[in-house]
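Reading through the structure tokens given below for one structure.
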């Protein structure tokens, strides 16, 4: 699982757009959103770089969130 900080994600529309984009590339991906923290945990067979590119292409530039 990879955790991404997505500063421009703030609502249900953002969540739906991200979910659709990731699931179109990996239909088995699991996404867990925290809109308040603006983070999304993604479990996917895609690598972090590919996930980051998908998010950016969808209009949600992100960075890998560090734990702790």
Report summary line: Flagged pairs (Cβ under 7 angstrom, 6 or more apart or on separate chains; first in segment 16-45, in contact (Cβ under 8 Å) with a residue 40 or more places away in the chain; second surrounded by fewer than 14 Cβ atoms within 10 Å (Cβ to Cβ) and part of a strand (DSSP E or B)) are 41/32; 43/30
Report summary line: Screening 65, 21 for residues that are touching a strand residue (DSSP E or B) at 6+ places or on another chain (Cβ under 7 Å), surrounded by 12 or more Cβ atoms within 10 Å (Cβ to Cβ) and at negative phi leaves only 65
**Report entry** Selection from segment 1-53 of residues that are part of a helix (DSSP H, G or I), closer than 11 Å to residue 63 by Cα and in contact with a helix residue (DSSP H, G or I) (Cβ under 9 Å, 6 or more places away or on another chain)
**Finding:** 51
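Read-outs: derived from the displayed coordinates by stated rules, not from any lab. Everything numeric in this text was worked out from a predicted model, so none of it was measured. Quick reminder, even Gly has a Cβ in these numbers, built from the backbone with ideal geometry, and neighbours come from all protein chains shown.
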